[in-house]
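Just below is one structure, and these are the notes that go with it.
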2 protein chains.
Amino acid sequence: MFFIVGIGLGDPEDITVKGLKIVQNCDRVYLEAYTSILSCGQESLENFYQRKLILADREMIEQHSDELFAHSIVKDVALLVVGDPFGATTHTDLILRAKEKGIPYQVVHNASIMNAVACCGLQLYSFGETVSIPYWTDSWKPDSFFQKILKNQQMGLHTLCLLDIRVREPTLESLSKKKREYEPPRFMSVSEASQQLMEIIDKNPSEISENSLVVGLARVGHKTQLIVACSIKEMTEQDLGPPLHSLVIPARECHPLETEYLQQFNLVKL
Amino acid sequence: MFFIVGIGLGDPEDITVKGLKIVQNCDRVYLEAYTSILSCGQESLENFYQRKLILADREMIEQHSDELFAHSIVKDVALLVVGDPFGATTHTDLILRAKEKGIPYQVVHNASIMNAVACCGLQLYSFGETVSIPYWTDSWKPDSFFQKILKNQQMGLHTLCLLDIRVREPTLESLSKKKREYEPPRFMSVSEASQQLMEIIDKNPSEISENSLVVGLARVGHKTQLIVACSIKEMTEQDLGPPLHSLVIPARECHPLETEYLQQFNLVKL
C-alpha cells in the first residue's frame, strides 16, 4: 500500500492522528523535501514520530519513483508531504502512476497555505486564481502573474501569491561536471516579492500602485506566525524572519469584517 | 484561553495531534454544529476523544457567545469546527470578538473542502472564486452564482460550488410560536444542485450547457469518498449517497494531467 500523507503547516504536531498511525506502522517512510521547505527540520519530525525518515528529493520523486513503488507492492510505504498531498502537481502525478501500476493508495489530507491563508481575515471564497512569484535573474524576469492579480482585483477578488523556493538546485558550474553541487536552499521573502512587484508597477502603470495594500504572512500556523498589512512600498522594507512567506494582494474593496480583521495587522510605524 | 480547533474532513482521526492534545486538556469543549454537517456523529467523536462535547448551535454561537468567552477568561475552552477554523465568517467574527475582550486565543488549522477538493485531480491554483448554491424555494430562486461560474470559465478557471446545508432551521409554523420547532437537517446533493443548474441553463443560454462536464464529490477524505465526472444532465440522476456533497465546474480546457486524472472518475454508463 502506498500512503501519501499531508503533514500540514510544518509543526510536528500538525500531522493528523490518522496520519501519525500510518507513519508509525509503515515499513518505510519518505519525506518529500523539494516542493516546500520544512520549517521544523527533519530531525524534530523523526523525534516526534519516533522513527527514521528517508529524504526524498526532486531526483528521487521525479526520476526514481520506481523504488518507492517497488516497495509499495510488497510493503506499506508512506510519503510525507508538507501541506496537503494535492498541493503540488508532482504528487497528483505520483498518485496517477501508482494507480497505473495497480498499487493501492490512500491519501491523508491536511491544512495547507491554500486554505490556512484565511488566518489573515480575508475570506477564502473571495480569493481568485492563485499565482506564483518566481525568483528573477538578471536576464529572466517573468511577470505574467501580475496580469492575473489585476484580473482578480477587477473582479473584486483577493490573490494569494505563493513565493518561490529553491531547494537542491544544482549550481550552474556543476551542470557540466560529473559530480553535481547544489546551491544552498533559498526562499523568497515578502520583502523580495514586493521589490519585484515594485519593478513591475514602475513599468506597467495600473490600478495597483506602490501604495496598494498587501498582506505578508510568515510561518502560518506556527507559534511565531507573523502577519503584516501595509503598502507594497512599505513591505519592501519588512523583515518577517524565517520561512515560509506568502503574500496576499487583497481586493480593492474588502468586506467590513475583513477590513476590521486586517486592522490588527496594520504596520505600526516606528 | 480560547482555542478554535479545526477537526478536518469529519473522521474522528482527522484531528491533528496538536488539536487532540488541546481537546483532552481543555476544561470545556464545544462542538460547532451549524456551519457544516458532521459526517461521523457527535458520539463517535466523544468516544475517540474520550470526553464529552457540548453542542454549540447557531443561537449559541451568534447570540450567546458571551458564555463561551466568560469561561475562556478563567479556564481553557475549545470550540471544534468541521474543516478549518477560518472556513466560515462566523468563526472569524468569533476570534475578533475574543480579541476585543482581551481573551488570548489559539487557532489550530486543518484540511477543509476548500483545499481537499483537489483530490479530484483539478489543481487548486486553477480554481477561481468559490460559489455557494443555495436551496431554492418556490418563490426564491437566486442564481447570481451562475455568473461567477461563467466568469471563472472565461478565465480558464475551475469553480468549487459549496452546496447548501440546513441545520436547526426553525419551521415556518413555529416562528410565531413561543416554542421553536426545527426542520430535520438537510444537505443539498450534487443531483439537486445539478437540477437547479439545469433550470438556470434553460433560461440563460451560455457557454455552459446541460452537456458541460461537472465533477461531483461526496464525503471527501472518508473511506466512502466518491467522485463522479459526467455532464450536468447526467449528474441530475446520480445518487452519491450520504453528505457532504460538493460540485465542481471545471474550466473548459484542463491541463492534460488534470484530464488524465479526471478520467478515472468518468461515469460508467450502465
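Every read-out reported here was derived from the displayed coordinates using simple, explicitly stated rules and does not represent laboratory data. No experiment lies behind these values; they were computed from the predicted model shown. Don't worry about glycine lacking a Cβ; one is built from the backbone with ideal geometry, like all the others, and counts go over all protein chains shown.
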Subject >> For A:Cys230, distant residues with modelled amide H under 5 Å away >> reply: A:Val214, A:Gly216
**OP:** Choose one answer from A:Cys254, A:Cys230, A:Cys161: the residue with the largest mean-square fluctuation in a GNM of chain A with alpha-carbon springs under 10 Å.
**Re:** A:Cys254
Subject >> Nitroxide proxy distance, nm - points 7 Å out along Cα→Cβ at B:Leu96 and B:Glu199 >> reply: 3.3
**OP:** Would you mind getting me the FRET efficiency between B:Glu62 and A:Lys21? Use the beta-carbon distance for r and R0 = 35 Å, nearest 0.05.
**Re:** 0.45
Subject >> Cα extents of segment A:1-131 along the three principal axes, largest first (Å) >> reply: 46, 33, 25
**OP:** Work out the length of the dipole vector of chain B about its Cα centre, built from +1 on the beta-carbon of each Lys and Arg and -1 on the beta-carbon of each Asp and Glu, and round it to the nearest 20 debye.
**Re:** 600
Original post:
Dividing the convex hull volume of the Cα atoms of the protein assembly as shown by its residue count, what figure in Å³ per residue is obtained?
Top reply: 175
Original post:
For label points placed 7 Å from Cα toward Cβ, what is the shortest-first list of nm distances from A:Glu181 to its copies?
Top reply: 8.1
Subject >> Within segment B:1-128, percent of DSSP bridges classed antiparallel, to nearest 5 >> reply: 5
Subject >> Rounded to the nearest 20 debye, dipole of the protein assembly as shown from Cβ charges on Lys, Arg, Asp, Glu >> reply: 740
Original post:
Which one of B:Phe146, B:His158, B:Ser246 has its Cα pushed farthest toward the positive end of the charge dipole of the protein assembly as shown, where Lys and Arg give +1 and Asp and Glu give -1 at the Cβ?
Top reply: B:Ser246
Original post:
Taking the highest mean first, how do the peptides A:110-120, A:4-14 order by number of other beta carbon atoms within 10 angstrom per residue?
Top reply: A:110-120, A:4-14
Original post:
So what J values fall out for segment B:127-143 if you push phi through Karplus, 6.51 cos²θ - 1.76 cosθ + 1.60 with θ = phi - 60°, rounded to Hz, Gly and Pro as x?
Top reply: 8, x, 4, 7, 10, 10, 9, x, 5, 7, 10, 4, 10, 9, 10, x, 9
**OP:** May I ask you to evaluate 6.51 cos²θ - 1.76 cosθ + 1.60, the Karplus curve with θ = phi - 60°, for each residue of segment B:188-199 and list the ³J(HN,Hα) values in order in whole Hz, giving x for glycine and proline?
**Re:** 7, 8, 4, 5, 5, 4, 5, 5, 5, 4, 4, 4
Subject >> Zone residues, segment B:34-58, relative to A:Glu13, backbone N less than 20 Å from point 7 Å out along Cα-to-Cβ >> reply: B:48-52
Original post:
Which whole-Hz couplings ³J(HN,Hα) result when phi for each residue of segment B:257-263 is put into the Karplus expression 6.51 cos²θ - 1.76 cosθ + 1.60, θ = phi - 60°, listed in order with x for Gly and Pro?
Top reply: 5, 5, 4, 4, 5, 5, 4
**OP:** Mind listing the label-point distances from B:Asp66 to the same position on all other copies, shortest first, one decimal in nm, points 7 Å along Cα→Cβ?
**Re:** 7.0
Original post:
Placing a label point 7 Å from Cα toward Cβ, how far apart in nm is A:Gln154 from its equivalents in the other copies, listed shortest first to one decimal?
Top reply: 0.9
Subject >> Cα-based reach from A:Lys101 at 17 Å (exclusive), listing aspartates and glutamates while leaving out same-chain residues under 8 positions away >> reply: A:Glu62, A:Asp66, A:Glu67, A:Asp76, A:Asp93, B:Glu260
**OP:** Find the chain B residue whose Cβ sits closest to the rotation axis that carries B onto A, and give that distance in whole Å.
**Re:** B:Asn115, 2
**OP:** Have a look at the DSSP beta bridges in segment A:122-270 and tell me what percent are antiparallel, nearest 5.
**Re:** 75
Subject >> Greater than 32 Å apart at Cα, pairs in A:Lys75/B:Lys233; A:Lys52/A:Lys223; A:Lys151/B:Lys223; A:Lys148/A:Lys233; A:Lys141/A:Lys177 >> reply: A:Lys75/B:Lys233; A:Lys151/B:Lys223
Subject >> For segment B:174-219 versus segment A:46-117, the gap between their alpha-carbon centres in whole angstrom >> reply: 36
**OP:** Please get the size of the charge dipole for segment A:1-133, origin at its Cα centre, with Cβ charges of +1 on Lys and Arg and -1 on Asp and Glu, quoted in debye to the nearest 20.
**Re:** 380
Original post:
Could you give the alpha-carbon Rg of segment A:114-264 over 2.2 N^0.38 Å, rounded to two decimals?
Top reply: 1.11
Subject >> Unit charges at the beta carbon, dipole of segment A:2-111: most positive-side option, A:Thr92, A:Gly8, A:Asn25 >> reply: A:Asn25
Subject >> Long-range HN-HN contacts of B:Ile7 with modeled amide H, under 5 Å >> reply: B:Val81, B:Val82, B:Gly83
**OP:** Nearest 5 is fine: what % of DSSP beta bridges in the protein assembly as shown come out antiparallel, could you say?
**Re:** 45
**OP:** Would you grab the residues whose amide H sits under 5 Å from the one on A:His158? Only those 5+ places off in sequence or on another chain, please, with H modelled 1.01 Å from N.
**Re:** A:Phe127, A:Gly128, A:Ala251
